[in-house]
Amino acid sequence: MSGWMSYFGGRKDPKATTREAIVTLRQQLQMLEKKEEYLLKKIDEELKKAKANAISNKPAATAALRRKKQHEQELERLGGTRLTLETQVNAIESANINATTMEAMKKGADALKTIHGGLTIDRVDATMDAIREQTELANEISDAISNPMNVGLETDEEALKDELAALEAEKLDEVLMGAERVPSHVPSGPELVADSRKKAEQESEEERELRELQAQLAL
């Protein structure tokens, strides 16, 4: 008992203490299991002795049964002790898991507290508003970049059409004015035929002179 008190009474690292306690308890359980195996063996031996002497030597048989009963009682006490130790081991392991879990949860809570230390709902709202504004601006820029370059030239196209119409009207005026300035003397049909014959005769005479000159050069 004093050993257990000295074991749990010292100031040690909680994790090391828990580990040592579990190891010690499991070692004790192993010792109890070996003791139980020994008692079961002795009970079997005493039962065999009692059966062998049941008729020939009743006192020996009775003594064997008495020892068998003592071993059974001891085995029953060991079973209760083993159950107590197993319960204690399970409780320590469960408590250790709970402590480890709580420690992890505390670290997680501290980490969240550190992360959220500089954050407030107002700052979060302001940040989200800024994100939305920048997103809208980015979308507007993307739309502007993706539009064709000639979208803004619709007014210029209309101006070109108007200018072309003005040129057509001006050309038509020139044609009409030219028709008004037709020469007063237009050659008649016979005059045109005579001019054509005169030009043909002149061309024939030129061709004849050219042939004559070529013949002279050949001589």
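The values are calculated or read from the model by the stated rules, or taken from the named source; none is laboratory data. Everything numeric here is computed off the predicted structure, so don't read it as measured data. We place every Cβ from the backbone using ideal geometry, glycine too, and count neighbours over all the protein chains shown. Accessible surface areas use protein heavy atoms only, side chains included; no ligands, DNA or RNA. Shrake-Rupley method; radii C 1.70, N 1.55, O 1.52, S 1.80 Å.
Annotation: of all residues in the range 30-46 being among the hydrophobic types (A, V, I, L, M, F, W, C) and surrounded by fewer than 15 Cβ atoms within 10 Å (Cβ to Cβ), the one that is nearest to GLU86 (Cα to Cα) is MET31. For THR84, the stated conditions do not hold, so it cannot be described as modelled with pLDDT under 90, of a type in the set (Val, Ile, Thr) and in a helix (DSSP H, G or I). The set of residues in the range 48-71 being part of a helix (DSSP H, G or I) and open to solvent by 60 Å² or more (accessible area, probe 1.4 Å) consists of LYS48, LYS49, LYS51, ALA52, LYS58, PRO59, THR62, LEU65, ARG66, ARG67, LYS69, GLN70.
The conditions of being over 19 Å from GLU93 (Cα atoms) and either modelled with pLDDT under 95 or not aromatic (Phe, Trp, Tyr) (or both) are met by LEU39. Note on the range 126-146: residues that are at pLDDT below 80 and open to solvent by 90 Å² or more (accessible area, probe 1.4 Å) amount to 0.
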